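Below is one structure, written out as structure tokens; the observations come after it.
The values are calculated or read from the model by the stated rules, or taken from the named source; none is laboratory data. No experiment lies behind these values; they were computed from the predicted model shown. Every residue, glycine among them, receives a Cβ derived from its backbone with ideal geometry; neighbour counts consider all protein chains shown.
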Amino acid sequence: MRLPRKYLVNRLVTLFLTVWIAATLIWIIPRLSPVDPADIMLGRMAAGAGAVENADAILEQLKENFGLNDPLVVQYVKYLKNIVLFDFGLSTATFPTKVSSLIARALPWTLGLMLLSLVITFFIGNLLGALMVWSHSPRLVRVAIPAAMVFTSIPPILSGLLLMWVFAAKLRWFPLTGAYGLTVEPGWNWAFVQSVLHHGFLPALSIVIVTFGFWALGMRGLMITVQGEDYVKLAEAKGLRPRYILYKYMIRNAILPQITAFALKIGLLIAGQVLVERIFAYNGMGKLLYDAILDQDFPVIQGVSFVIILMTAVSVFLVDLVYPFIDPRIRHEGATS
Amino acid sequence: MTDAPLTRADRRLQRRMRRFDNPWLNPKLLWGIGLLLGIVALGLIGRMLWNLDLVFTGSATLKLPPVGFENLRRQPGVWDHPLGTDGSGRDMLALIVIGAPNSLFVGLMASLIGMGTGIVLGFTAGFVGGRTDDVIRVLSDVMITIPPLLILVVFQSAFGDVSLTMMALLIAGFVWQSPTRLIRAQVLSMRQSGYVQMAQLSGAPTHHIMFREMLPNLVPYLFGSFIANVTTSIVTAVGLEVLGLGPQRIPTLGRTIYEAINAGALIQNLWWWWGIPTILLAVMFIGLLLINLGLDEVSNPRLRRLS
């Protein structure tokens, strides 16, 4: 089975444009600002050493090193070249550290937390949404879920605060902050894994309980449409088991548009998670970004923003690539047009 | 059969059917609007009845609890500050009276501007077609993938303090895409419909067809998309504030939460400091969700039977 070339090219162009526009925005915005990063860096040196001699010379040198004396076009082209190689320069707050190595350290935590909470919400949400409509589900399910759903419009940062307060500050069942305990040695040993799971539970839960409702609501609407279809009626008339009809006939057909909805939602999900990581001081991109904002560390802010936008764009691209394999109609449309 | 007395279930059904005669009198929609109006009322009535100077730092004892509670220093709450005070002695009630409508204002303003842009671009794309359509379509496809929070983080950390209006304008730059796509798709399908072709044949000017013939049919969709955008805008604004960006000199709910977390309010059991803004924001989002669910039921009658 092959993807139609036109569809593939179209998606690739969108991916490329997204990344390019985002990179350009990130580059232009700080250059429009009156604040000069070299000044901030010099200020930090002055705060550390009391006074700085030859401040003007250092300023010149910094500008030279950062390439700020080149014409803008040259700077832009250099920047694009560097960003393709994931080279975001050096962090100004922790000076000679490379931004890319800071990001490489934070990224696995963010990806891990994201995948975990995403898989859980997708399954729970779609299943509950389907059960809400299904005529054979227990009464309790049909009454309780809509009531619980009301709370799922809340962004994860608010649920995170509540969970943190109840389970970490009050009951002390879970640690308040961090991604693993201070006493364990990072590595593939049981104590570390246990500590990571223990620390990751609350952040993941605070994302799960506020996002499953999105899927459940979407699924509910789709299931209502599917419910009235002739093939479901026929399946019922044939006397197939209700559960079999639910999984093989109804959910199978209703889940398709959910996957496209997912593509549009990725950006918000990632942004929400960044904030959850910030309040839990979880060692991911969110904390890195927050620390960088506090320190006015521009290269890190740029790098983190770019990588997160890149992640979003690539996820959307991947969903678009997978979609035709699930829904044959797209393939045919693409082939005929 | 006609004389049989009505059972309670019958009567309830009858009542429901009657209620649905006018789809706009939808309970979810009304509850949602009620919750949002409650927040607006808090802002309006609070401004008249409460002394807003209490919002300045050090205007009261620090960390006082709400009335009926005790803080860790065994101080009881007092009626001078019914919702308690924060870590720098600001009155919580004054804080939310000013802060809560601000969040709603940012959401509504950003979303209105986004909607206006969306209507113009969507109609242009659908009507003009060709190159213009391609550009608008690709641009909205591209911009819908970029999370607004991160671009705004870059913007605000470069520019420093922003005003509330400026923040709304910045967010508006990221919420025009979904109305644009929606309108474009609808316009393309509506152009083929009988009444539009009829209007074209009778020589109606383009703007008449756009705004008099087509726009009224789009209203339910536009409302839904508008409300969804208000939610996105508020979430983005609160996100920025919680990261310590956003307006620095005006009290906002997100900034209050930011200060509470930074001061360790969770460990010190100062739950009212972060809890009250959290609850208000939650009420706001629940209200918006209910409005959206209600609007869904208004525009899609198939959903109504099941709730």
Legend entry - Filtered residue count, the range B:115-162, keeping only those that are at the interface with another protein chain (Cβ under 8 Å from one of its Cβ atoms), among the hydrophobic types (A, V, I, L, M, F, W, C) and farther than 22 Å from residue B:231 by Cα: 3
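Condition check ((1) over 30 Å from residue A:175 (Cα atoms); (2) touching a helix residue (DSSP H, G or I) at 6+ places or on another chain (Cβ under 9 Å); (3) of a type outside the set (Ser, Thr, Tyr)) across all residues:
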| site | (1), (2), (3) |
| --- | --- |
| A:211 | no, yes, no |
| A:228 | yes, yes, yes |
| A:241 | yes, no, yes |
| A:258 | yes, yes, yes |
| A:265 | no, yes, yes |
Legend entry - Residue among A:273, A:258 that alone is of a type in the set (S, T, N, Q), within 17 Å of residue A:128 (Cβ to Cβ) and part of a helix (DSSP H, G or I): A:258
Inset, instruction - Restrict the check to the range A:250-264 and report whether at least one residue is without any contact (Cβ under 8 Å) to a residue 40 or more places away in the chain, more than 12 Å from chain B (Cβ to nearest Cβ) and either farther than 17 Å from residue A:213 by Cα or β-branched (Val, Ile, Thr) (or both). - result: yes
Inset, instruction - For the range A:320-330, state whether one or more residues are surrounded by 17 or more Cβ atoms within 10 Å (Cβ to Cβ), charged (D, E, K, R) and modelled with pLDDT of 85 or more. - result: no
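Restricting to the range B:34-66, and then to whatever is of a type in the set (D, E, K, R) and farther than 19 Å from residue B:272 by Cα, can you tell me which residue is farthest from the chain's Cα centre (by Cα)?
Only one residue tops the list, namely B:53.
Yes/no matrix, rows are residues, columns are (1) touching a Ser or Thr at 6+ places or on another chain (Cβ under 8 Å); (2) closer than 30 Å to residue A:263 by Cβ:
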position: B:146; (1), (2): yes, yes
position: B:154; (1), (2): yes, yes
position: B:168; (1), (2): yes, yes
position: B:172; (1), (2): yes, yes
position: B:179; (1), (2): yes, yes
position: B:201; (1), (2): no, no
position: B:212; (1), (2): no, no
position: B:217; (1), (2): no, yes
position: B:224; (1), (2): yes, yes
Inset, instruction - Answer yes if at least one residue in the range B:67-85 is closer than 22 Å to residue B:267 by Cβ and of a type in the set (Asp, Glu), and no otherwise. - result: yes
Inset, instruction - Please note which helices (runs of 4 or more DSSP H) are completely contained in the range B:102-197 and include at least 3 residues that are touching a residue at least 60 places away in the same chain (Cβ under 8 Å) and either surrounded by fewer than 18 Cβ atoms within 10 Å (Cβ to Cβ) or among the hydroxyl-bearing types (Ser, Thr, Tyr) (or both). - result: B:177-190
Inset, instruction - Scan the range B:53-72 and give yes if some residue there is surrounded by fewer than 17 Cβ atoms within 10 Å (Cβ to Cβ) and in a helix (DSSP H, G or I), otherwise no. - result: yes
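Being modelled with pLDDT under 85 and either within 12 Å of chain B (Cβ to nearest Cβ) or surrounded by fewer than 15 Cβ atoms within 10 Å (Cβ to Cβ) (or both) narrows it down to one of A:275, A:268, A:289, so name that one. Steps first, please.
On the way: A:275 fails: modelled with pLDDT under 85; A:289 fails: modelled with pLDDT under 85.
Answer to the selection: A:268.
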Legend entry - Hits in the range B:28-77 (condition: touching a Ser or Thr at 6+ places or on another chain (Cβ under 8 Å) and in contact (Cβ under 8 Å) with a residue 60 or more places away in the chain): B:28, B:63
Inset, instruction - Would you mind telling me which numbered condition in (1) surrounded by fewer than 15 Cβ atoms within 10 Å (Cβ to Cβ); (2) within 12 Å of chain A (Cβ to nearest Cβ) residue B:208 fails? - result: (2)
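Conditions tested, residue by residue: (1) farther than 16 Å from residue A:157 by Cα; (2) crowded, with 22+ Cβ neighbours inside 10 Å.
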site	(1), (2)
A:194	yes, no
A:200	no, no
A:206	no, yes
A:213	no, yes
A:221	yes, no
A:226	yes, no
A:230	yes, no
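Conditions (1) part of a loop (DSSP other than H, G, I, E, B); (2) loosely packed, with under 15 Cβ neighbours inside 10 Å, marked per residue:
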residue: A:64; (1), (2): no, yes
residue: A:67; (1), (2): yes, yes
residue: A:74; (1), (2): no, yes
residue: A:79; (1), (2): no, no
residue: A:83; (1), (2): no, no
residue: A:111; (1), (2): no, yes
residue: A:124; (1), (2): no, no
residue: A:132; (1), (2): no, no
residue: A:137; (1), (2): yes, no
Legend entry - Members of the range B:78-89 found to be free of Cβ contacts under 8 Å to residues at least 60 places away in the same chain and surrounded by 18 or more Cβ atoms within 10 Å (Cβ to Cβ), listed by number: B:81, B:85
Inset, instruction - Filter the range A:233-249 down to residues that are of a type in the set (Gly, Ala, Ser) and assigned to a helix (DSSP H, G or I) and give me whichever is surrounded by the most Cβ atoms within 10 Å (Cβ to Cβ). - result: A:235
